[in-house]
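This report concerns only the one structure given below.
The values are calculated or read from the model by the stated rules, or taken from the named source; none is laboratory data. All figures in this text were calculated on a predicted structure; none of them were measured in a lab. Don't worry about glycine lacking a Cβ; one is built from the backbone with ideal geometry, like all the others, and counts go over all protein chains shown. Calculation scope for accessible area: heavy atoms of the full protein, side chains included, ligands and nucleic acids excluded. Shrake-Rupley method; radii C 1.70, N 1.55, O 1.52, S 1.80 Å.
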Amino acid sequence: MQAAGYAPPMPSSGAAAWLAPAHKLLLGAFLFQTFIGTHPLADGAAASRVDGNIADRFVVLSMTALALIILVAKWRETLVCARRNIGALALVGFCLASILWSAHPDLTLRRGLLFVFLTTIAMGVAVSITDLRRFHTFVFVFLSVVILLNLASVVVAPSIAISSIGVKGLYTQKNVAGIVGLMTLLVGATWIAGAERGQRTWLAWLALVPAVLFLVITRSKTSINVAAIGLALIALFALAERYGERFILFMGVLFFLFASVTLVALAVVDFDPNALLASIVGDTTFTGREELWAFVRRAAEKRPWLGYGYGAYWDVGVANDPLLRAEAGSWLASVEFGTINQAHHGYLELWLHIGWPATALATLVILKSALFGGARAVLGVGRRSARALYGGLAVLLLMHLMHNFTEATLFMRGSIFSNIAMLAMFVLSSARDVSPISSHHRPA
């Protein structure tokens, strides 16, 4: 998996010899904190989530300081990145501003600041990238090593790394582990798609084998399904580029046939989507999530416009645990304290935190960035490797939106998917070596 040895022209103000090693240090530290952290194999006890972790604070503050130095040195690129991501940055600021109406202002202040710091770090990484292929390679290699460490944890510490419902590896639960397997496959597949002619990719294919194995043994149904959809999209993009208009026409015919079959199937069940879903997945409650969603929706509707304050609904202490208000007889009322600390639905979760208008804006911000990345991948001109990265980041963002229908990572500080989604948006808007077909119509 050798990186292409080119450095696209990305002029920088205040460019200095220390920027390259500073970027590598920041990128490595950001990925380490995101995918491994200062306390891997921790049990994720509720008390530690409320109080926070001193080591995490030190690492995040150190990275933030380094990111700020880089952002100042690359101030022109920083201004461009900020302008193109004004929606995302406004939402991050809104999360912190929710301290004004938060149910727990102290927690909102702490958790909102963490989100601000992580956003600053992600921007610092993005604006200092000078070689997209090297960046893509670094992330792929790092994730491949993380997968091996997770598999090693299963062998070395099975009592900790394996839960009764699936392998969780270094993480607190199997769903988080599934996200890591999902991301590794998407990043690896697009790295292979971006390989130049004659470049050996057998090692990259080999690296995907343990990633597939790890994803399967996590038994995270959401991540497995989303990974399959994401890989299918990547394959479609690659085939469309290779075979052109004929393949696109063929896919249009297939889509028409699929829509027709779906309509017939709905007619058979009297246009009852739940009945059709039950016949496909077997469990329309999504492993009991349906009851949790109903509980969360009722809570969100009590504060629909601004929410309870960022980070001020879950993990707020035993006395204020929201599940104390669960109806008697519900399985939610019998759950041990701290077991559930999210809505398992990203859109409902963010609605709880900052209200539904901001949640709608967050969805549109990510969707816009994904569509922009897809357009640069398909319609852009330039190196195949760069366009593959753009396409990969676009698919990653789309899968992020899809993943949040059963998990809660949308604009959630510190979560793996949120960290990487923010980085993806900044990279898509910062890199310059691939221009749309008309360079006179760059997006604002």
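Restricting the search to segment 85-108, which residues are of a type in the set (Val, Ile, Thr) and surrounded by 20 or more Cβ atoms within 10 Å (Cβ to Cβ)? I'd like the intermediate steps shown before the answer.
Looking only at segment 85-108, we keep the residues that are of a type in the set (Val, Ile, Thr), and these are 86, 92, 99, 108.
Answer for segment 85-108, where residues must be of a type in the set (Val, Ile, Thr) and surrounded by 20 or more Cβ atoms within 10 Å (Cβ to Cβ): Val92, Ile99, Thr108.
Take the residues of segment 192-212 that are crowded, with 16+ Cβ neighbours inside 10 Å, among the aliphatic types (A, V, I, L, M) and touching a residue at least 40 places away in the same chain (Cβ under 8 Å): which is nearest to Gly169 (Cα to Cα)?
Taking the candidates together, the pick is Ala211.
Pick from segment 252-302 the residues that are among the basic types (Lys, Arg), surrounded by 11 or more Cβ atoms within 10 Å (Cβ to Cβ) and out of contact with any helix residue (DSSP H, G or I) (no Cβ under 7 Å at 6 or more places or on another chain): which of them is modelled with the lowest pLDDT?
Keep residues of segment 252-302 that are among the basic types (Lys, Arg), which gives 289, 297-298, 302.
Narrowing further to those that are surrounded by 11 or more Cβ atoms within 10 Å (Cβ to Cβ): 289, 297-298.
Okay, now just the ones that are also out of contact with any helix residue (DSSP H, G or I) (no Cβ under 7 Å at 6 or more places or on another chain), so 289, 298.
Values: Arg289: 80, Arg298: 94.
My answer is Arg289.
Quick one: Gly28 ticks every box in (1) closer than 27 Å to Val154 by Cα; (2) modelled with pLDDT under 95 bar one, so which box is it?
(2)
Listed here are the residues, each with its yes/no results for (1) at pLDDT 95 or above; (2) closer than 30 Å to Glu301 by Cα.
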| site | (1), (2) |
| --- | --- |
| Trp356 | yes, yes |
| Leu367 | yes, yes |
| Arg383 | no, no |
| Glu407 | no, yes |
| His440 | no, no |
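Looking only at segment 289-314, how many residues end up being part of a loop (DSSP other than H, G, I, E, B) and among the aliphatic types (A, V, I, L, M)? So that I can check it myself, show each step before the final result.
Taking segment 289-314 and keeping what is part of a loop (DSSP other than H, G, I, E, B), we get 301-314.
Next cut, among the aliphatic types (A, V, I, L, M) only: 306, 312.
Residues flagged as part of a loop (DSSP other than H, G, I, E, B) and among the aliphatic types (A, V, I, L, M) within segment 289-314 amount to 2.
Suppose we filter segment 317-348 for residues that are part of a loop (DSSP other than H, G, I, E, B) and more than 26 Å from the chain's Cα centre (by Cα); how many remain? So that I can check it myself, show each step before the final result.
Residues of segment 317-348 that are part of a loop (DSSP other than H, G, I, E, B), as a first pass: 317, 321, 326-330, 335-345.
Going one step further and asking which of them are more than 26 Å from the chain's Cα centre (by Cα), we end up with 317, 321, 326-330, 335-337.
Result for segment 317-348: 10.
Rundown of residues vs (1) in contact with a Cys (Cβ under 9 Å, 6 or more places away or on another chain); (2) of a type outside the set (D, E, K, R); (3) open to solvent by less than 40 Å² (accessible area, probe 1.4 Å); (4) not in a helix (DSSP H, G or I), yes/no style:
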site	(1), (2), (3), (4)
Arg83	no, no, no, no
Gly124	no, yes, yes, no
Ala152	no, yes, no, no
Tyr171	no, yes, yes, yes
Thr184	no, yes, yes, no
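Can we say Leu66 is surrounded by fewer than 17 Cβ atoms within 10 Å (Cβ to Cβ), at pLDDT 85 or above and part of a helix (DSSP H, G or I)?
Values: surrounded by fewer than 17 Cβ atoms within 10 Å (Cβ to Cβ): no; at pLDDT 85 or above: yes; part of a helix (DSSP H, G or I): yes.
Against the criterion (surrounded by fewer than 17 Cβ atoms within 10 Å (Cβ to Cβ), at pLDDT 85 or above and part of a helix (DSSP H, G or I)), Leu66 does not qualify.
Taking only pairs six or more apart or across chains, which ones have beta-carbon atoms under 7 Å, a first residue in segment 318-339 that is of a type in the set (Val, Ile, Thr), and a second residue that is part of a loop (DSSP other than H, G, I, E, B) and open to solvent by less than 100 Å² (accessible area, probe 1.4 Å)?
Correct list of pairs: Val318/Phe337.
Taking Ala73, is it under 17 Å from Phe32 (Cβ atoms) and small (Gly, Ala, Ser)?
Values: under 17 Å from Phe32 (Cβ atoms): no; small (Gly, Ala, Ser): yes.
No; evaluated as a whole, the condition is false for this residue.
When the residues of segment 397-410 are narrowed to those that are of a type in the set (A, V, I, L, M, F, W, C) and either free of Cβ contacts under 8 Å to residues at least 60 places away in the same chain or buried (at least 23 other Cβ atoms within 10 Å of the Cβ) (or both), which ends up farthest from Ala370 (Cα to Cα)?
First pass over segment 397-410, keeping only residues of a type in the set (A, V, I, L, M, F, W, C): 397-399, 401-402, 405, 408, 410.
Subsequent filtering for residues that are either free of Cβ contacts under 8 Å to residues at least 60 places away in the same chain or buried (at least 23 other Cβ atoms within 10 Å of the Cβ) (or both) retains 397, 399, 401, 408, 410.
Numbers: Leu397: 6, Met399: 10, Leu401: 10, Ala408: 19, Leu410: 14 Å.
Here the answer is Ala408.
Inside segment 154-169, can you point out the residues that are assigned to a helix (DSSP H, G or I) and of a type in the set (S, T, N, Q)?
In the first step, residues of segment 154-169 are kept if they are assigned to a helix (DSSP H, G or I); the result is 154-156, 158-161.
Across segment 154-169, the qualifying residue is only Ser159.
Can you name the residue in segment 376-396 that is open to solvent by 40 Å² or more (accessible area, probe 1.4 Å) and part of a loop (DSSP other than H, G, I, E, B) and, of all such residues, is farthest from Leu231 (Cα to Cα)?
Gly382
Checking the structure you have, find out if any residue of segment 167-180 is free of Cβ contacts under 8 Å to residues at least 60 places away in the same chain and in contact with a Gly (Cβ under 6 Å, 6 or more places away or on another chain).
Within segment 167-180, one or more residues are free of Cβ contacts under 8 Å to residues at least 60 places away in the same chain and in contact with a Gly (Cβ under 6 Å, 6 or more places away or on another chain).
Just a yes or no: is a residue in segment 158-167 within 18 Å of the chain's Cα centre (by Cα), farther than 30 Å from Leu306 by Cβ and crowded, with 18+ Cβ neighbours inside 10 Å? Spell out the reasoning first.
Here is the first cut: in segment 158-167, the ones within 18 Å of the chain's Cα centre (by Cα) are none.
No, every residue in segment 158-167 fails to be within 18 Å of the chain's Cα centre (by Cα), farther than 30 Å from Leu306 by Cβ and crowded, with 18+ Cβ neighbours inside 10 Å.
Give me the pairs: first residue in segment 103-125 and without any contact (Cβ under 8 Å) to a residue 40 or more places away in the chain, second residue open to solvent by 30 Å² or more (accessible area, probe 1.4 Å) and of a type in the set (Gly, Ala, Ser), beta-carbon distance under 9 Å, and six or more apart or on different chains, which are they?
Partner pairs satisfying both residue conditions: Val116/Gly93.
Give segment 306-341 a look and list any residue that's open to solvent by less than 40 Å² (accessible area, probe 1.4 Å), touching a His at 6+ places or on another chain (Cβ under 9 Å) and not hydroxyl-bearing (Ser, Thr, Tyr), or say none.
Correct list: Gly307, Gly309, Gly311, Ala312, Val316, Gly317.
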